[in-house]
Amino acid sequence: MNMEIKATQVLDAALHLSHPARAFIAERLLESLDAEPDFQLSAKWQKEIVQRCQEIDCGKVELLPGEQVFEQAFEDLM
C-alpha cells in the first residue's frame with residue numbers, strides 16, 4: 001500500500017470523528033508543520049496553550065480578526 005492510499009484512508013477515518021477529535025488532530029498536524037524537529041515546549045507553556053484553547057473552545061474569550069487588531073493598534077499609535 002503506498003503512502004497516498006494510507007493518507008486517504010487516515011483522512012477518511014478522521015473525518016468520521018467527533019468535532020473535538022478532528023480539531024485536536026488538526027491542531028497537532030498544524031503544530032507539526034511549524035515546529036523544529038527537536039523543539040520542546042516547557043510544561044508551563046503546554047499548560048498555558050491547553051488553557052487558552054479550552055477558553056476559545058468553550059466561548060469564554062472572543063477571537064478578533066487580525067486585521068481588526070492591527071487596525072486598532074495602528075490607530076492607538078497615532
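Observations, loosely collected:
- In a residue-by-residue description of the stretch 48-60, the property of being acidic (Asp, Glu), surrounded by fewer than 10 Cβ atoms within 10 Å (Cβ to Cβ) and out of contact with any helix residue (DSSP H, G or I) (no Cβ under 6 Å at 6 or more places or on another chain) applies to no position.
- When each of 64, 29 is tested for being part of a loop (DSSP other than H, G, I, E, B) and modelled with pLDDT under 95, the lone residue that passes is 64.
- Qualifying residues in the stretch 1-10 (those that are part of a helix (DSSP H, G or I) and surrounded by fewer than 10 Cβ atoms within 10 Å (Cβ to Cβ)) - the one modelled with the highest pLDDT: 5
- Given (1) of a type outside the set (Val, Ile, Thr); (2) surrounded by fewer than 10 Cβ atoms within 10 Å (Cβ to Cβ); (3) at pLDDT 90 or above; (4) in contact with a helix residue (DSSP H, G or I) (Cβ under 9 Å, 6 or more places away or on another chain), number of the condition residue 20 does not satisfy: (3)
- One residue from 33, 29, 77 being free of Cβ contacts under 8 Å to residues at least 60 places away in the same chain and not assigned by TED's automatic domain parsing to the domain that holds residue 7: 77
- Residues being surrounded by 11 or more Cβ atoms within 10 Å (Cβ to Cβ) and either within 20 Å of residue 20 (Cβ to Cβ) or of a type in the set (S, T, N, Q) (or both) are entirely absent from the stretch 33-41.
The values are calculated or read from the model by the stated rules, or taken from the named source; none is laboratory data. Values in this document were obtained by computation on a predicted structure and should not be read as measured data. Heads up, the Cβs are rebuilt from the backbone with ideal geometry, glycines too, and the neighbour counts pull from every protein chain shown.
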